[in-house]
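S.K.: Structure in structure tokens, see below.
The values are calculated or read from the model by the stated rules, or taken from the named source; none is laboratory data. Remember, it's a predicted structure, so these values are computed and weren't measured experimentally. Here the Cβ is made from the backbone with ideal geometry for all residues, glycine too, and neighbour counts use every protein chain on show. Surface areas here come from the heavy atoms of the whole protein model, side chains and all, with no ligands, DNA or RNA. Shrake-Rupley method; radii C 1.70, N 1.55, O 1.52, S 1.80 Å.
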Amino acid sequence: MISLKEKVGYAMGDAAAGGITWKIMSIAFPLFFTDVFGLTFADAGLLMLIARLFDVVTDPLMGSLADRTQSRWGTFRPWLIFGSIPFGIVFALLFYTPDLDPVGKRIWAYSFYLLMMALYTAVNVPYGSLLGVMTDDADERNQLSSFRMVGAYAMGFITLFSFQWLRDMTGGTDAHQYAVVAAGFGVLAAVMTLGCGLLTKERLKPVRAESFSMRQFVDLFRNKPWVILTLIGICTNFFNGFRYAVAGYMLEYCLGGHITWVSLTIDYMAFMAFGEVTCMVFGGVSPVFTKWVGSKRRAFIWSAVICFVTSVAFFFIPMNASYIWLMIVVCVLTSVGIGLFSPLLWSMYADVADYATERFGASSTGLIFSSGTMSQKFGSAISGSCIALLIGMAGAQMIPDSVGNLVLDPSSVTDSFYTMVWSLFSVFPAAIAVVMGALAYWFPLKK
């Protein structure tokens, strides 16, 4: 029986990775890189694409390496314990804007972004794999996945809702604000990651492959549940990636920046924070909902339907700040679907890992779970890059300001720009939700 203390400890891992670092990187990065750091839309899009496609290769390699780790701390926990501090430091440096020329800035951004993705892989792949060796009980795995998602979304809410407030309290230039606030969040992420490694236990001993072999990678593609679940994972991150990455542009340009509503100032971070609370609540409800509908597969299909309907509805809301309350309501309803499917995904990876062990004879838990972070980064890479490129195709252009930094040309913010941004938050995710539901229907493990 896993104790509440250990469940909370496990949740701290994704509170750090998903609730702090990934949330800030997904939402703040596009706007930070173009409006504060000074990259062009093309540079920002290419940066996110190259760095995260790099992870498509490194994540499976990390999973295979983690599977073969043997230490006094276990198989997966040492990566959390010893990777926590570098993880926090590099995250902080990623938001520092150096006084360099454009070429120097590009080198800085690319170098630290690649390093951050490598460290994220080194910590998060073992963290996801940890679920597969903490227990073999299906109900406990659902509970741990639920705790994980509640931790991630609760911390995500705190992060997003406090981000602008902390920036205002810091004062100074935008670059100074981002650097200081990111440093604080980097320390918090490091402490939480370390806590996760120290508070959890590995109870199951993996059936290890005797030596490294490319056959393990070949076996992945012979594993139909893994193939379908990986495609589902990519779709879920396409869905979230489009919404998170374009939120800053939507609030800043389509709705005119900060909005005051019932004495509450709403910027793009606060806007998305409302959804985090909903995801936290329904992430906790997900195991109950799954039992009610009869299987994880059915629960996933229903969550995709919710995401589709609400995303389509958002497109028809008038593009006017006076409708912010209606936008928040629809965003919250979309988050009901996200909250329901998020824990399911990781619990289903554990089922796929069990299936792989039964069929192929050796544990590939780390390799299986690495595909979860791989799909996360691949989906975010494509969606983040598409947003930068599609906004550019809609006519947005960068021009130098009075001190030589690149800023968005106000004259390029036209109706086509507004329509593209609005569609990226609604129509594009709706289409992805359809694919996501169809793939879930074809998922063969009906647990």
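S.K.: In the stretch 127-153, how many are at pLDDT below 90 and touching a Gly at 6+ places or on another chain (Cβ under 7 Å)?
M.R.: Summing the residues that are at pLDDT below 90 and touching a Gly at 6+ places or on another chain (Cβ under 7 Å) in the stretch 127-153 gives 8.
S.K.: Spot the failing condition for P30; the list is (1) under 22 Å from G172 (Cα atoms); (2) of a type outside the set (A, V, I, L, M, F, W, C); (3) modelled with pLDDT of 80 or more, and only one is missed.
M.R.: (3)
S.K.: On to the next question. Quick check on F163: is it in contact with a helix residue (DSSP H, G or I) (Cβ under 6 Å, 6 or more places away or on another chain) and either outside any helix (DSSP H, G or I) or crowded, with 20+ Cβ neighbours inside 10 Å (or both)?
M.R.: For F163, the condition - in contact with a helix residue (DSSP H, G or I) (Cβ under 6 Å, 6 or more places away or on another chain) and either outside any helix (DSSP H, G or I) or crowded, with 20+ Cβ neighbours inside 10 Å (or both) - is met.
S.K.: Tell me, which residue of the stretch 331-364 that is in a helix (DSSP H, G or I), open to solvent by 10 Å² or more (accessible area, probe 1.4 Å) and modelled with pLDDT under 80 is nearest to F54 (Cα to Cα)?
M.R.: W346
S.K.: Go through the stretch 392-429 residue by residue and tally those that are at pLDDT 80 or above, under 28 Å from the mean Cα position of the chain (by Cα) and not in a helix (DSSP H, G or I).
M.R.: 2
S.K.: Going through L367, L389 one at a time, which residue ends up being part of a helix (DSSP H, G or I), hydrophobic (A, V, I, L, M, F, W, C), at pLDDT below 80 and open to solvent by 60 Å² or more (accessible area, probe 1.4 Å)?
M.R.: Answer to the selection: L389.
S.K.: Here is a check on your reading of the model: is G9 more than 22 Å from L100 (Cα to Cα), part of a helix (DSSP H, G or I) and in contact (Cβ under 8 Å) with a residue 12 or more places away in the chain?
M.R.: When the stated conditions are applied, G9 passes them.
S.K.: Which numbered condition in (1) open to solvent by less than 40 Å² (accessible area, probe 1.4 Å); (2) of a type outside the set (D, E); (3) in contact with a helix residue (DSSP H, G or I) (Cβ under 7 Å, 6 or more places away or on another chain) is the only one that I324 fails?
M.R.: (3)
S.K.: For the stretch 111-145, enumerate the residues that are of a type in the set (S, T, N, Q), closer than 18 Å to G197 by Cβ and more than 16 Å from the chain's Cα centre (by Cα).
M.R.: Selection gives S129, T135.
S.K.: Sticking with this one: What are the pairs with Cβ atoms under 8 angstrom where one residue, in the stretch 97-109, is touching a residue at least 40 places away in the same chain (Cβ under 8 Å) and the other, located anywhere, is of a type in the set (F, W, Y)? Sequence gap at least six, or different chains.
M.R.: T97/F37; T97/Y178; K105/F37; A109/F33; A109/F37
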